[in-house]
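Worksheet for the structure shown next.
Read-outs: derived from the displayed coordinates by stated rules, not from any lab. No experiment lies behind these values; they were computed from the predicted model shown. Heads up, the Cβs are rebuilt from the backbone with ideal geometry, glycines too, and the neighbour counts pull from every protein chain shown.
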Amino acid sequence: MSDGKLVGIVLVSHSAEVASAVAELALGLVGGGPAVPVAAAGGTAGGGLGTSAELVVAAAASVDRGAGVAVLTDLGSAVLTVKALLAEGDELPANARLVDAPFVEGAVAAVVTAATGADLDAVQAAATEAYGYRKV
Amino acid sequence: MLDADFFRRWMTATASSVDREADRLTALDSPIGDADHGSNLRRGFTAVSAALEKEAPETPGAVLVLAGRQLISTVGGASGPLYGTLLRRTGKALGDAAEVDEEGFAEALRAGVDAVMQLGGAAPGDKTMIDALVPAVDALPDGFGAARAAAEQGAEATTPLQARKGRASYLGERSIGHQDPGATSAALLIAALADAGAEAGGE
């Protein structure tokens with residue numbers, strides 16, 4: 001289990017604004033629970049659209065409390081960059097994991113679940129379950 | 001035998017070629033992609049050249065691992081992790097030998113191409129860089145020149161295909177009739193291999 005430490009969440013989007021807004025949305029829905037470490041890694045280091053491996057690595061390091069790090073991504077290069085970093089072996093925290101989930105809904109589920117003190121498996125399961133939420 | 005100098009020349013030749021062809025790559029990426037393939041790869045390979053000059057890795061494997069790492073870090077688009085994985089996995093497959101023979105290199109490059117297919121989930125015929133890389137690896141036992149020709153043919157053969165991966169796949173049938181920019185840049189990478197080989201033969 002997490003020994004009182006919360007799972008960290010990293011949100012990787014092609015857009016800095018999308019990543020930070022989704023982080024803000026998810027944290028806003030937590031309510032009065034403990035503060036979940038959430039970091040946004042959006043856009044390129046130069047402020048453009050795309051994915052920056054440096055921003056992802058820094059974000060993951062900043063939210064690692066020893067209980068695991070769940071990384072959620074949006075499209076294309078965000079997914080591939082995180083997968084490539086995980087394959088590198090030593091770039092992301094040892095307990096970091098790419099979570100297969102819809103970006104907005106998955107982020108909310110992950111952050112709310114992490115705020116309960118749940119472990120990484122439970123956070124991942126909650127985020128992935130968001131795929132099953134039908135709107136029509 | 002191929003030594004670290006050969007692999008440095010390969011990367012430097014790729015950087016020159018990408019720099020020269022960046023506008024064409026971006027033009028190919030305009031109708032079916034987000035019009036940044038040339039500028040992204042130029043930024044990546046410029047970083048590769050700078051890193052190789054600064055760190056001067058001593059083995060073929062170390063040259064490619066360093067180059068791959070730079071691409072993953074600096075490109076910003078999907079071609080970064082894809083080309084980065086190609087070079088890094090090829091480099092790792094080469095191990096820490098000071099020199100490799102052409103047969104060993106062909107095997108390592110195939111491992112690299114397999115890793116790219118696994119990462120991106122693309123297969124031959126999906127209108128991606130794989131359509132140039134797989135024929136090149138298949139032809140490599142016949143020499144670098146054969147690999148170059150196979151990669152170029154593979155890239156040209158993407159024109160009538162419908163994209164099934166990446167940004168272009170959203171266009172459906174409208175992706176037909178355009179040569180794939182990723183297959184085109186992959187053909188440049190393989191052509192640079194032939195250039196590096198020709199330079200070795202001329203020494």
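Bridging of A:Lys5 to lysines at a Cα separation below 26 Å is possible for A:Lys83, once same-chain residues fewer than 8 apart are set aside.
Using the Cβ-Cβ distance between B:Thr159 and B:Ala35 with R0 = 25 Å, the FRET efficiency computed as 1/(1 + (r/R0)^6) comes to roughly 0.85. Note on chain B: GNM, Cα springs under 10 Å; of B:Ala183, B:Ala98, B:Ala13, the largest mean-square fluctuation is that of B:Ala98. With respect to chain B, whose longest principal axis is taken over its alpha-carbon atoms, helix B:144-156 is tilted by about 10°.
Here the relative contact order of the range A:1-114, from alpha carbon pairs under 8 Å that lie six or more residues apart, stands at 35 percent.
Bridging of B:Lys127 to lysines at a Cα separation below 20 Å is possible for B:Lys165, once same-chain residues fewer than 8 apart are set aside.
Considering only B:Ala93, B:Ala67, B:Ala147, the mean-square fluctuation computed in a Gaussian network model of chain B, springs between alpha carbons under 10 angstrom, is largest for B:Ala93. Counting only alpha carbon atoms, the long axis of helix B:60-74 and the longest principal axis of chain B meet at about 40°. Under 25 Å of direct C-alpha separation, and excluding same-chain neighbours fewer than eight residues apart, B:Lys54 reaches these lysines: B:Lys92.
What size of dipole, in debye to the nearest 20, comes out for the protein assembly as shown about its Cα centre when the only charges are +1 on Lys and Arg C-beta atoms and -1 on Asp and Glu C-beta atoms?
Dipole size: approximately 1040 debye.
Classify the range A:1-62 as rounded, prolate or oblate from the Cα gyration tensor: take a ≥ b ≥ c as the square roots of its eigenvalues, call it rounded if a/c is under 1.5, otherwise prolate when a/b beats b/c and oblate if not. Oblate, because a/c is 1.5 or more while a/b does not exceed b/c. Across peptide B:63-76, the average count of Cβ atoms from other chains found within 10 Å of a residue's Cβ is 4. What separates the Cα centres of the range A:96-126 and the range B:86-154 is a distance of 37 Å. Select from A:Ala35, A:Ala118, A:Ala96 the residue whose mean-square fluctuation is largest in a Gaussian network model of chain A (Cα-Cα springs shorter than 10 Å). The residue that fluctuates most here is A:Ala35.
Helix B:102-120 and the long axis of chain B differ in direction by around 40°, with both axes built from C-alpha atoms. From the square roots a ≥ b ≥ c of the eigenvalues of the alpha-carbon gyration tensor of the protein assembly as shown, which class results: rounded (a/c under 1.5), prolate (a/b over b/c), or oblate? Here the protein assembly as shown falls in the prolate category.
About the centre of its Cα atoms, the range A:8-132 shows a dipole size close to 100 debye [charges on the beta carbon of Lys, Arg (+1) and Asp, Glu (-1) only; nearest 20 debye].
From Cα pairs below 8 angstrom and at least 6 apart in sequence, can you work out the relative contact order of chain B, rounded to a whole percent?
Value for chain B: 22 percent.
Residues in the range A:59-76 carry Karplus couplings, in order, of 5, 5, 5, 6, 9, 7, 10, x, 9, x, 10, 9, 10, 10, 10, 9, 10, x Hz; the curve used is 6.51 cos²θ - 1.76 cosθ + 1.60 with θ = phi - 60°, and Gly or Pro positions show x.
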